[in-house]
Every structure is written in structure tokens, then in C-alpha cells.
Amino acid sequence: MIAIVRIDDAVAATIAALTAEPGGNNVERMDIMSQPVNDDAIDFFEIDEDITLRRMVLRNSNPKGTVLFLHGFPETLYAWKDIAKALADDYEVHAFDWPGYGLSSRPTVGRFSYAPKDYAQILDRYIGKAGIDTSMLTIYATDIGALPTLLLAVERPDIARTIIVGDFAPFNRPQFMYASLQSLKEGPAMDQVRANLNSNRDEILQNTFTRGLPEEEHFEVAREFKDDMFRGWTQGAMTSADAFSHYYSHFTRDQDHFESQLARLKTPVKVVWGEKDLYINKEMGVEFAERVRAKLTLLPGIGHFPICRIQCWPSMRFVTLSDEPPAAAP
């Protein structure tokens with residue numbers, strides 16, 4: 001089933017199932033600034049001798065469950081900061097920077113390949129070492145975070161109670177991808193695209209989030225978030241663009257593996273997609289949702305970065321939904 005929701009309900013659709021029990025239809029309202037994120041909520045968490053992740057954890061003494069947010073390119077954990085604040089009144093909330101992003105480690109490719117399957121291993125180890133109860137866990141993963149989550153779920157169906165994914169490329173369908181992303185997957189243009197990404201950092205961080213949207217839909221990314229992306233773009237000898245290109249150099253292989261194992265995906269999945277996604281066409285989401293028999297929610301007027309668009313609104317409504325689409329606007 002495809003549900004198209006009002007812009008006013010974008011948050012509700014984006015995090016549908018974060019707080020919902022099966023069949024529930026209760027409504028909750030929270031102020032997005034309800035709980036501050038103090039400096040002690042962000043720390044560093046060692047995975048192994050090569051990987052230390054910068055993470056954000058908002059704890060709750062009696063949580064209803066745990067939510068783990070996983071970012072995409074060129075983001076950092078700060079993409080989730082405001083939504084984490086709102087959910088933390090009732091839930092334990094985690095987010096971390098992937099290796100190669102923000103302030104997490106950036107080992108050489110000889111020690112870590114930055115492939116989706118290797119990110120899946122990082123995710124698995126983080127959940128285990130952080131002591132997260134997977135029976136009460138919802139993972140919301142976008143962009144580069146989504147395929148690693150699903151690869152892990154194929155191998156470990158009990159890795160989460162629910163997985164929400166969107167705006168990514170689960171299958172090898174280059175025709176549904178932005179031209180530069182197609183070129184990153186393979187062929188002689190790979191190195192040139194990587195060089196262009198590195199030489200255009202400022203333009204990317206300024207315009208990526210609204211590219212392809214009409215001018216009236218443009219929005220400003222929060223200054224704190226933007227500053228964090230600038231600060232984390234280069235650490236040591238590797239940039240986030242380098243990590244992104246290494247990820248894509250293995251992308252087709254891991255997409256093909258996931259598609260070949262699709263019948264093994266048993267973890268409940270919901271799909272949320274920006275209807276105007278320029279980078280990964282919504283038809284990719286339609287196919288994926290149909291093949292895994294998941295509900296697909298399209299967000300009208302929203303591009304590739306639903307969470308960034310949502311966080312630019314000063315106050316938002318968080319609604320727990322059943323599987324029925326929201327009522328039409330009056």
C-alpha cells in the first residue's frame with residue numbers, strides 16, 4: 001500500500017512505527033525542543049582497534065523502547081539531533097557517525113573497505129557492545145545507512161523490532177539514480193566524480209539538501225548541523241567524499257547480494273520516501289516496497305532529505321500512526 005501524506009504530517013509518516021505498537025492509533029504531541037542535548041550526550045565509543053565512533057545517546061530511566069538513527073551522505077549524527085530531543089522524553093535514542101563521517105575513525109582502505117557489508121558489521125557490533133535490547137529496537141536508516149541495515153537484517157532477522165528505510169538504492173537500478181551516483185558505481189568516471197566531490201565541498205554542503213526542489217521549497221539547514229558537516233568533512237588523509245566513493249565502489253556487489261537474498265528478509269520493514277527525491281527516484285522505493293510487501297509512505301514536496309527538511313520547521317507534531325494513512329486535510 002502506498003500512502004501519500006500532507007506536508008503537515010511529514011514527521012508522522014517519517015517516523016511511523018518508531019513509537020507505534022502494532023495496530024495502535026494513539027496520538028502524542030511533543031515539543032521538538034522538549035529535552036536539550038547536552039555535551040555529555042555525545043561521546044566516543046570504541047568498536048575495535050581501528051574504529052571508534054562518535055555517538056549521541058539520550059537515555060531514559062524507563063524507556064518505551066530504543067530508537068537508532070543512521071545518517072547518509074554528507075550528513076553526521078547532528079542530522080538527528082532535534083528529533084532525538086523530542087523522542088527522548090519517552091525513548092532511549094542513539095545515533096552515530098559512520099566511519100568516514102563526522103568525528104568517527106577513518107582507517108585506511110587496507111584495514112576497512114567502507115563497503116555496505118562492512119558498515120553492516122559496524123552496526124551489528126555497535127548494537128551488541130552498546131547493550132541494546134533488539135526486541136525493543138527501531139532502526140531508522142536513510143541513504144547510505146539503509147542497505148547496511150538490511151544486509152544485517154538478512155543475516156540477523158531479530159536485529160530490530162522494526163526497520164524504517166528510505167531514499168536509498170536497495171537494488172542495482174542505475175536508471176533510478178542521479179547521474180553522478182551512476183558514475184560512482186563503476187567505469188572510468190569514478191575517479192573524476194570523486195575528485196569533483198572533493199573540490200566542491202562548499203557547494204555540496206550548501207545546496208545538496210535542496211537541489212532539484214522548486215525555490216519555494218528551499219530551506220536552510222540548521223547552522224549547528226552545517227558547521228558539524230564542515231568540521232567533519234576532512235579528518236586526517238580522508239574526506240567524507242572519499243569514504244562515500246569507497247562505499248560506492250562496492251555498492252553494485254552488495255546490492256546484487258542483497259537482492260539475491262531478499263527472500264530471507266524477515267524483519268518488519270516500513271519505507272518512507274521523499275516524493276521529489278532527485279538522487280534516488282521514488283520508483284526505487286515503489287519496487288522495493290512491493291517486493292518486501294512493506295507499506296510505502298511518500299512525502300509530497302519532500303526531496304532526498306526528509307529529516308533535514310523537517311528539522312528546519314520551528315515546531316513539529318509527532319504522531320503515532322496505525323497502518324492506515326492519515327485523514328485528508330480539512
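Being open to solvent by 40 Å² or more (accessible area, probe 1.4 Å), assigned to a loop (DSSP other than H, G, I, E, B) and not charged (D, E, K, R) is the filter here; which residues of region 87-146 pass it?
Scanning region 87-146 gives Leu103, Thr108, Val109, Gly110, Gly131.
Yes/no per residue for (1) within 30 Å of Lys295 (Cβ to Cβ); (2) of a type in the set (Asp, Glu):
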| position | (1), (2) |
| --- | --- |
| Lys185 | yes, no |
| Asn198 | no, no |
| Thr208 | yes, no |
| Pro214 | yes, no |
| His218 | yes, no |
| Asp228 | no, yes |
| Gly232 | no, no |
| Asp256 | yes, yes |
| Val271 | yes, no |
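Every residue in region 147-178 that is open to solvent by 30 Å² or more (accessible area, probe 1.4 Å) and aromatic (Phe, Trp, Tyr), please.
Taking region 147-178 and keeping what is open to solvent by 30 Å² or more (accessible area, probe 1.4 Å), we get 155-158, 161, 172-176, 178.
Once the filter is applied, which keeps residues that are open to solvent by 30 Å² or more (accessible area, probe 1.4 Å) and aromatic (Phe, Trp, Tyr), region 147-178 yields Phe176, Tyr178.
Say whether the condition of being open to solvent by 40 Å² or more (accessible area, probe 1.4 Å), touching a residue at least 24 places away in the same chain (Cβ under 8 Å), under 25 Å from Trp273 (Cα atoms) and in contact with a strand residue (DSSP E or B) (Cβ under 7 Å, 6 or more places away or on another chain) is met by at least one residue in region 181-198.
Looking through region 181-198, none of the residues is open to solvent by 40 Å² or more (accessible area, probe 1.4 Å), touching a residue at least 24 places away in the same chain (Cβ under 8 Å), under 25 Å from Trp273 (Cα atoms) and in contact with a strand residue (DSSP E or B) (Cβ under 7 Å, 6 or more places away or on another chain).
Within region 234-257, restricting attention to residues that are more than 18 Å from the chain's Cα centre (by Cα) and of a type in the set (A, V, I, L, M, F, W, C), which residue is most open to solvent (accessible area, probe 1.4 Å)?
The qualifying residue most open to solvent (accessible area, probe 1.4 Å) is Ala237.
Between a residue in region 257-269 that is in a loop (DSSP other than H, G, I, E, B) and any residue that is open to solvent by 50 Å² or more (accessible area, probe 1.4 Å), which pairs come within a Cβ distance under 6 Å, given they are 6 or more apart or on different chains?
Lys266/Pro157; Thr267/Pro157
Against the conditions (1) at pLDDT 95 or above; (2) surrounded by 14 or more Cβ atoms within 10 Å (Cβ to Cβ); (3) more than 17 Å from the chain's Cα centre (by Cα), where does Lys282 fall short? Just the number, please.
Looking at each condition in turn, Lys282 falls short on (3).
The values are calculated or read from the model by the stated rules, or taken from the named source; none is laboratory data. Remember, it's a predicted structure, so these values are computed and weren't measured experimentally. Please note: Cβ atoms are built from the backbone with ideal geometry, for glycine as well, and neighbour counts cover all protein chains shown. These area figures cover heavy atoms from the full protein model, side chains too; ligands, DNA and RNA do not enter into them. Shrake-Rupley method; radii C 1.70, N 1.55, O 1.52, S 1.80 Å.
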